[in-house]
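The values are calculated or read from the model by the stated rules, or taken from the named source; none is laboratory data. The shown structure was predicted, so the numbers you read here are calculated from the model rather than taken from an experiment. Cβ: placed from backbone, ideal geometry, glycine included. Neighbour counts: every protein chain shown.
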């Protein structure tokens, strides 16, 4: 009898232990718009812009060289959620207009929804709304804002809305949540004290917190018609850094609230930027014009189960690696496509990381390939090529002889067949509806 009791006790312990180990991992995907890696203090920036993100990096894994797959929001966010490249998913802008996400493209939120997760999205720009297909798989879908920085939910209210959802019904179920912060996008209007945190109080030029509200202002600079003074650019950078500091403070609050609820230990946290920002490094302002590093080198930090301990990935990775990595860590069934890899494993130094997708470039499409510290940029229309060694020349100022294999990789990437047909989206109708919903037009 005693042996039977011991056997039953042992079986109970095993079942209890099994239940604990099989507890599903939560996922918090933090999407920061318009954030270049070299302006985060954990990436070596001179200003202490991101102390909370720095702490996340120290506890988790930091990818030193994460390449965005385009230089503007729609194609990069699609890659993050799908794990496929811009050419394959087709979401972006072409000569025929704006295109959303094909139903044929793998979609990470849908995979989590099918696995019984609570799923929620908090997005703050029109390019991530239902018309473009970002709602698929999200039980709670909250997208606010238009394609401008004037009428959008700030970081603080975004965190508040996420926490309200987190504390709603079904708290015992695992969650997958995507939280998007649009604040670093131009115009740079962080609330005080962050707006004045780095600015020179003696500056009285035109490039203040309202500059960039009109697209024509940026077009005049990008065409070379207007050339800002160094003090003008310094003020824009100071305002931009203030936006990063404000966003970081709200991300810190969100993570603290996660800890206070006892959720942090069992939550995989991924922080990634969609693209960077130009400050005249190559003659232009904002983003979406080029594929230089100031627009494609983005932060990627992963913390939580499988990614603790202050690891650093020094080899080149891409946004295309994120979806498959999340699926692998959580055990979710999800289709991954080459050249994506699982970042929990070994990363090959000889990988080709592709990018394409520009918004404002009248000369046509660009393709870039990054491989083992070398970078190639190919202009599809005129077949011109630029090549750089990023280790010796991270600012991409000194041309080197292009590698033939990288040229071939760029050409091969460009002719990769799309996965389904990316649907055409009527931009004017979508923008008008968003403005009407916000009360800006009747």
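Scanning region 113-130 for residues that are more than 17 Å from residue 327 (Cβ to Cβ) and surrounded by fewer than 21 Cβ atoms within 10 Å (Cβ to Cβ) turns up just one, 130.
Within region 389-438, being over 20 Å from residue 70 (Cα atoms) and assigned to a helix (DSSP H, G or I) holds for 404, 405, 428, 429, 430, 431, 432, 433, 434, 435, 436, 437.
Taken over region 211-233, the residue count meeting the criterion of being under 25 Å from the mean Cα position of the chain (by Cα) and part of a helix (DSSP H, G or I) is 5.
Filtering region 84-107 to residues that are farther than 25 Å from residue 428 by Cβ and either in contact with a strand residue (DSSP E or B) (Cβ under 8 Å, 6 or more places away or on another chain) or modelled with pLDDT under 95 (or both) leaves 85, 87. Checked against the criterion of being surrounded by fewer than 20 Cβ atoms within 10 Å (Cβ to Cβ), out of contact with any strand residue (DSSP E or B) (no Cβ under 6 Å at 6 or more places or on another chain) and modelled with pLDDT of 95 or more, the candidates 348, 393 yield just one match: 393. Right, residue 136: modelled with pLDDT of 95 or more, over 25 Å from residue 418 (Cα atoms), over 17 Å from the mean Cα position of the chain (by Cα) and surrounded by fewer than 23 Cβ atoms within 10 Å (Cβ to Cβ) or not? Against the criterion (modelled with pLDDT of 95 or more, over 25 Å from residue 418 (Cα atoms), over 17 Å from the mean Cα position of the chain (by Cα) and surrounded by fewer than 23 Cβ atoms within 10 Å (Cβ to Cβ)), residue 136 does not qualify. Every test in (1) closer than 20 Å to residue 108 by Cα; (2) under 16 Å from the mean Cα position of the chain (by Cα) is passed by residue 23 save one, and that test is (2).
Please go through region 173-191 and pick out each residue that is more than 15 Å from residue 112 (Cβ to Cβ) and part of a loop (DSSP other than H, G, I, E, B).
Kept after step one, since they are more than 15 Å from residue 112 (Cβ to Cβ), are these residues of region 173-191: 180-191.
Result: 182, 183, 184, 185, 186, 187, 188, 189, 190, 191.
Scanning region 364-379 for residues that are under 20 Å from residue 277 (Cα atoms) and in a loop (DSSP other than H, G, I, E, B) yields a count of 2. Among the numbered criteria (1) closer than 26 Å to residue 107 by Cα; (2) within 21 Å of the chain's Cα centre (by Cα), which one does residue 292 miss? It is condition (1) that residue 292 fails.
On the given criteria, is residue 356 farther than 18 Å from residue 414 by Cβ and either in contact with a strand residue (DSSP E or B) (Cβ under 6 Å, 6 or more places away or on another chain) or buried (at least 22 other Cβ atoms within 10 Å of the Cβ) (or both)? Before you say what the answer is, go through the steps one by one.
Values: farther than 18 Å from residue 414 by Cβ: no; either in contact with a strand residue (DSSP E or B) (Cβ under 6 Å, 6 or more places away or on another chain) or buried (at least 22 other Cβ atoms within 10 Å of the Cβ) (or both): yes.
Criteria not met by residue 356.
Just to be sure, is residue 170 at pLDDT below 95 and either assigned to a strand (DSSP E or B) or over 17 Å from residue 33 (Cβ atoms) (or both)? Judged against the criteria, residue 170 is a match.
Could you tell me how many of the residues in region 34-70 are assigned to a helix (DSSP H, G or I) and within 18 Å of the chain's Cα centre (by Cα)? Within region 34-70, residues that are assigned to a helix (DSSP H, G or I) and within 18 Å of the chain's Cα centre (by Cα) number 11.
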